[in-house]
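The values are calculated or read from the model by the stated rules, or taken from the named source; none is laboratory data. Since this is a predicted model, take the numbers as computed values, not measurements. Don't worry about glycine lacking a Cβ; one is built from the backbone with ideal geometry, like all the others, and counts go over all protein chains shown. Note: accessible area is taken over every heavy atom of the protein model, side chains too, but ligands, DNA and RNA are not part of it. Shrake-Rupley method; radii C 1.70, N 1.55, O 1.52, S 1.80 Å.
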Amino acid sequence: MSRITALETADVRFPTSLQLDGSDAMNPDPDYSAAYVRVVTDAGDSGHGFVFTIGRGNDVQVAAIEALAGHLVGRDVEPLLADMGGTWRELVHDSQLRWLGPEKGVMHMAIGAVVNALWDLRAKREGRPLWQVLAALTPEQLVDLVDFRYLTDALTRDEALQILRAAAPGRAEREARLLSDGYPAYTTTPGWLGYDDEKLARLCREAVDEGFGQIKLKVGGDLADDVRRMRIAREVVGPDVRIAVDANQRWDVADAIAWIKELASFDLAWVEEPTSPDDVLGHAAIARGIAPIPVATGEHMANRVLAKQFLAHDALQVLQIDATRVAGVNENVAMLLLAAKFGVPVCPHAGGVGLCEAVQHLAMFDYVAVSGTAEGRMIEYVDHLHEHFVTPVRVTGGRYLAPTDPGAGTEMRAASLAGHTVSHDG
């Protein structure tokens with residue numbers, strides 16, 4: 001038996017606001033940051049996780065992660081890793097910490113960072129990338145990861161088992177295809193709202209040259225500016241490359257419908273986060289009002305319960321899971337199963353700090369073991385900050401290459417941690 005000796009945290013920040021990387025209608029000057037955690041064992045190994053923030057929120061998020069130390073430090077590692085469903089429940093069901101949500105917000109995200117770090121440790125110990133670790137689990141083992149409380153009116157354990165068993169026969173072939181061909185990607189790199197027209201056009205050309213079949217532009221600041229930027233992007237990429245738009249929660253319902261109708265002539269792939277990420281009814285109304293243009297949302301979806309509601313009310317046509325918004329891998333498995341039940345494609349949110357590295361494992365697991373398809377699905381890609389990770393993503397020809405290194409992709413380089421950690425001493 002090995003034992004957890006420490007839960008080490010770091011407040012890691014990158015000054016991306018200086019170049020306006022990440023800028024959008026609601027977040028004009030983000031500094032991409034990570035509230036980072038390392039689960040250390042006396043066997044000499046460790047698991048790594050983080051919560052993505054855009055700056056000062058790290059102060060609160062790091063404290064939330066540190067509040068979980070009492071659950072893990074001094075515990076034997078092997079039982080925790082062998083029963084990740086039970087470990088998830090123990091962390092989430094701490095009643096005094098759960099009260100702060102319940103099961104949403106800063107505390108829930110902190111649990112996600114720790115859960116993801118434990119999965120990173122488990123995958124490293126098994127000598128495989130996380131997506132393969134998950135895809136090798138039996139349907140019964142996978143459903144054991146999921147807390148079905150609050151879901152059974154939409155998805156029962158038995159229904160989840162049926163979904164997983166139906167996908168089981170083709171797992172080996174899909175895994176081989178994934179290793180051979182990779183997974184589709186789209187890029188948001190050209191689309192930040194703070195970029196001038198020349199930079200927008202240049203990055204759009206580069207995206208086409210690099211083989212991306214879809215790009216995404218931020219919208220919602222000014223309608224005339226959006227129309228001009230969309231026209232530039234469409235002229236550069238041509239008629240065959242898809243263009244999605246992302247409003248980052250900017251609009252009320254009526255404003256969203258009216259605004260999107262003004263942009264519809266540019267042949268939109270989807271409209272992302274048009275209004276409050278908690279507003280199921282608002283998203284449903286927007287979806288009806290702009291059909292057949294799809295609504296995409298999910299990066300700020302607080303938990304599996306909201307995912308259930310959005311799916312059940314046809315309030316989204318593309319689900320965008322996030323690797324660090326909910327309580328880690330386990331809850332994202334629940335959301336993938338919900339999406340499969342409702343027949344809705346999953347196109348994960350990425351970018352940020354390390355989100356591409358982390359979320360690729362979830363999408364690839366979904367392809368191999370849950371939905372069994374990559375049709376209409378792709379992972380977001382943003383060309384920022386990958387150099388700070390031990391196993392950075394590899395994207396070529398507009399496709400993610402399947403990672404083969406052991407772990408969850410969430411470990412940052414020691415030099416990057418040392419160079420970008422904010423000290424709170426004194």
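Return one quarter of the surface area of the convex hull spanned by the alpha-carbon atoms of region 259-319, equal to its mean projected area, in nm².
About 3.7 nm², averaged over all directions.
With every protein chain left in place, what is the accessible area per residue of the chain in square angstrom, probe 1.4 Å?
On the way: 15940 Å² over 426 residues.
Here the per-residue accessible area is 37 Å².
For all pairs of alpha-carbon atoms in region 11-131, what percent lies in each bin of width 5 Å, listed from the first bin to the last filled one?
P(r) over region 11-131, rounded to whole percents: 2, 11, 19, 20, 17, 14, 9, 5, 2, 0.
Given R₀ = 41 Å, what would the calculated FRET efficiency be for D158 paired with R98, taking r from the Cβ atoms and rounding to 0.05? Mind dumping the intermediate values first?
On the way: r = 27 Å, r/R0 = 0.66.
The computed FRET efficiency comes out at 0.90.
Taking R0 as 25 Å, what FRET efficiency do you get between S180 and E206 from their Cβ-Cβ distance, rounded to the nearest 0.05?
Efficiency for this residue pair is about 0.45.
Where is the GNM fluctuation largest for the chain (alpha-carbon springs, 10 angstrom cutoff): H283, H361, H93?
H93
Mind telling me which of T156, T188, T324 comes out most flexible in a GNM of the chain, alpha-carbon contacts under 10 Å?
Of the options given, T156 has the highest mean-square fluctuation.
For region 129-171, compute Rh as the Kirkwood radius over C-alpha pairs and then the Stokes-Einstein diffusion coefficient at 4 °C and 1.567 mPa s; write the answer in µm²/s, rounded to an integer.
Estimated via Stokes-Einstein, D reaches 117 µm²/s.
How large is ³J(HN,Hα) for each residue in region 121-137, as worked out from phi by the Karplus curve 6.51 cos²θ - 1.76 cosθ + 1.60 (θ = phi - 60°), to whole Hz, x for Gly and Pro?
Calculated HN-Hα couplings, in order: 5, 4, 5, 5, 5, 7, x, 9, x, 4, 4, 6, 4, 5, 5, 8, 6 Hz.
Dividing the Cα convex hull volume of the chain by residue count, how many Å³ per residue is that?
Measuring per residue, one finds 134 Å³ for the Cα hull of the chain.
Which value at 222 nm does the chain reach when only helices count, each DSSP H run of 4 or more adding -39,500 (n - 2.57), with the total divided by all residues and rounded to the nearest 500 deg cm²/dmol?
Numbers: 18 runs with 179 residues, N = 426.
After summing the helix terms and dividing by residue count, I get -12500 deg cm²/dmol.
From the phi of every residue in region 232-239, what ³J(HN,Hα) in whole Hz does the Karplus formula 6.51 cos²θ - 1.76 cosθ + 1.60 yield, where θ is phi - 60° and glycine or proline is x?
4, 4, 5, 5, 6, 7, x, x
Once you have a ≥ b ≥ c as the square roots of the Cα gyration tensor eigenvalues for region 121-215, tell me rounded if a/c is under 1.5, and otherwise prolate or oblate according to whether a/b is larger than b/c.
Note, shape of region 121-215 comes out prolate.
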